Amino acid sequence: MAQTEMMLLQKKLRRRLPLIILLIFITLPVSGCWDRKEIENRGYVLGIAIDHAMTGNDKGENDFMYAPQGAGQRKYRVTVELPKFRKKEGSKEISSAEQHLIWAAEGESMFAIIRAINTKVYFGMFFEDIQILIFSEAVAREGIGDIIDFFLRDAEVRRRVKLFVTPDRAEDILKTKLQVEEVNSMFIAKLTQNVNKSPYFAGKAVIGEISKAIRNKRSFVMPLVMVEDKEVKITRAAVFDRRQKMVGELDEFEVNGAKLLKRELKQGVIVVPHPADAEKIATFELYEADIKVKPHLEGGKLRFSLDAKFVGTLGENQNAGQDALDPAFTKAVEQAVAAEYARLVDKSYNKQQALRVEVCGLGKLVYNQYPDYWKIIKERWEEEIFPQTPLDTNITVNIRRPVLKR
């Protein structure tokens, strides 16, 4: 009897053996935290600023700021911003300066510079949470393609990292004490969420899209970020040519016009002189846009046409005595708004022609519509063809709600 029970038990074990082995293999990947790292022991880099080196090109021994490298010279200063993990002290307010750590080193190789920073701290630099990468204008005008190469190769750097240019030193953007209770890099990155709310707000530039432009030898733009009186402003845009060098900038109005040319304008406000009183204003709030930009090749001559229909409301009527339901008044505001939109488009288009840089994807429209023609002119597009190509603009505006809601 006992022998029979033993045989039955062995048979059950044999049947269940595959299941037991499977369970063992399933539990192995979650068997523990053998590679655990506490967050206070990891250097979560949130922002990186790249400037020219401040202390010359010498290679002095025992130089604390210098990144040792066999070739190249002291050319760049790289500054990283990390969060400072600390216990909250009751209800005490903590400024942005008290919430971050700033480290820097100088050299030419981005890789060597980062490793040099690692000699100053006991934790390694961790790049998966980088929010922003800022270039000084001085560096941007020399070219950023070689610098970006390191960040594109690093497996930790995500393609959504946002890129900026600043007119002054980039490290000052990370070091400045802002009037917010947040690390500077996080705050600046979050500001780009408002890109569609204001037509004058410079668009986002992420490293993934910029790498495509570099690879395809296309011009591109990056937002210009500035800090003044503890406040951040992102309205203008830095313009880069196909050599990845900054060649100029678009002001707030030219940024607005570029959004129209790129068919990206979705909402925003336009302020125009009041038709009945030149000392007053009227404001149009856009909430619906239909924009079409087309290339036309006629007799070997290329031109573009922009046809747009905007629908919105009368956001402000600063002449209280004006009847907002008067058809003549409504029509006058619509015409003034349409003329202002056309002015912004022409201003941006003419600026790009003057810089011999096209950043609105118009070349791609030519390629899609006339591929054979594009093969002939693509190498001469920005330097020769685009600066001579006219643009016809036709914009209509419709005010749907001219009166106050009751």
Exercise. Quick one: how many residues across region 306-335 are under 38 Å from the mean Cα position of the chain (by Cα), small (Gly, Ala, Ser), surrounded by fewer than 21 Cβ atoms within 10 Å (Cβ to Cβ) and farther than 13 Å from Asp277 by Cβ?
Worked result: 1
Exercise. Taking interchain pairs and intrachain pairs at least six residues apart, which have beta carbon atoms under 9 angstrom, with the first residue in region 364-382 and open to solvent by less than 40 Å² (accessible area, probe 1.4 Å) and the second outside any helix (DSSP H, G or I) and charged (D, E, K, R)?
Worked result: Leu365/Lys294; Trp381/Glu358; Glu382/Asp241; Glu382/Arg242; Glu382/Arg356; Glu382/Glu358
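Here's the yes/no breakdown for (1) of a type in the set (S, T, N, Q); (2) modelled with pLDDT of 90 or more; (3) under 30 Å from Ala213 (Cα atoms):
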{"position": "Ile94", "(1), (2), (3)": "no, no, no"}
{"position": "Ala112", "(1), (2), (3)": "no, no, yes"}
{"position": "Tyr122", "(1), (2), (3)": "no, no, no"}
{"position": "Phe135", "(1), (2), (3)": "no, yes, yes"}
{"position": "Arg160", "(1), (2), (3)": "no, yes, yes"}
{"position": "Val165", "(1), (2), (3)": "no, yes, yes"}
{"position": "Ala170", "(1), (2), (3)": "no, yes, yes"}
{"position": "Val180", "(1), (2), (3)": "no, no, no"}
Problem set entry | Leading residue by the ranking (nearest to Lys245 (Cα to Cα)) among those in region 110-148 that are polar (S, T, N, Q) and in contact with a Lys or Arg (Cβ under 9 Å, 6 or more places away or on another chain) | Ser136
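Check region 285-302 and report whether any residue there is open to solvent by less than 80 Å² (accessible area, probe 1.4 Å) and among the aromatic types (Phe, Trp, Tyr). Before you say what the answer is, go through the steps one by one.
Taking region 285-302 as the starting set, the residues that turn out to be open to solvent by less than 80 Å² (accessible area, probe 1.4 Å) are 286, 289-291, 293, 295-297, 300, 302.
Narrowing the set further to residues that are among the aromatic types (Phe, Trp, Tyr) leaves none.
Among the residues of region 285-302, not one is open to solvent by less than 80 Å² (accessible area, probe 1.4 Å) and among the aromatic types (Phe, Trp, Tyr), which makes the answer no.
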Problem set entry | Selection within region 344-390 - within 21 Å of Arg263 (Cα to Cα), part of a helix (DSSP H, G or I) and among the β-branched types (Val, Ile, Thr) | Val345, Val366
Problem set entry | Condition broken by Arg242, with the remaining ones in (1) assigned to a loop (DSSP other than H, G, I, E, B); (2) surrounded by fewer than 16 Cβ atoms within 10 Å (Cβ to Cβ) satisfied | (2)
For this session: For region 289-345, enumerate the residues that are touching a strand residue (DSSP E or B) at 6+ places or on another chain (Cβ under 7 Å) and small (Gly, Ala, Ser).
Result: Ala289, Ser305, Ala308, Gly312, Gly315, Ala324, Ala336, Ala338, Ala342
Problem set entry | Tally, over region 103-116, of residues that are open to solvent by 50 Å² or more (accessible area, probe 1.4 Å) and touching a strand residue (DSSP E or B) at 6+ places or on another chain (Cβ under 9 Å) | 3
Exercise. Checking Lys262 against (1) touching a Cys at 6+ places or on another chain (Cβ under 9 Å); (2) open to solvent by less than 10 Å² (accessible area, probe 1.4 Å), which test does it fail?
Worked result: (2)
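The values are calculated or read from the model by the stated rules, or taken from the named source; none is laboratory data. Note that this is a predicted model, so its numbers are computed, not measured. Counting neighbours? That spans all protein chains shown, and the Cβs are built from the backbone with ideal geometry, glycine included. When the accessible area is computed, the model is the full protein with side chains, heavy atoms only, and any ligands, DNA or RNA have been set aside. Shrake-Rupley method; radii C 1.70, N 1.55, O 1.52, S 1.80 Å.
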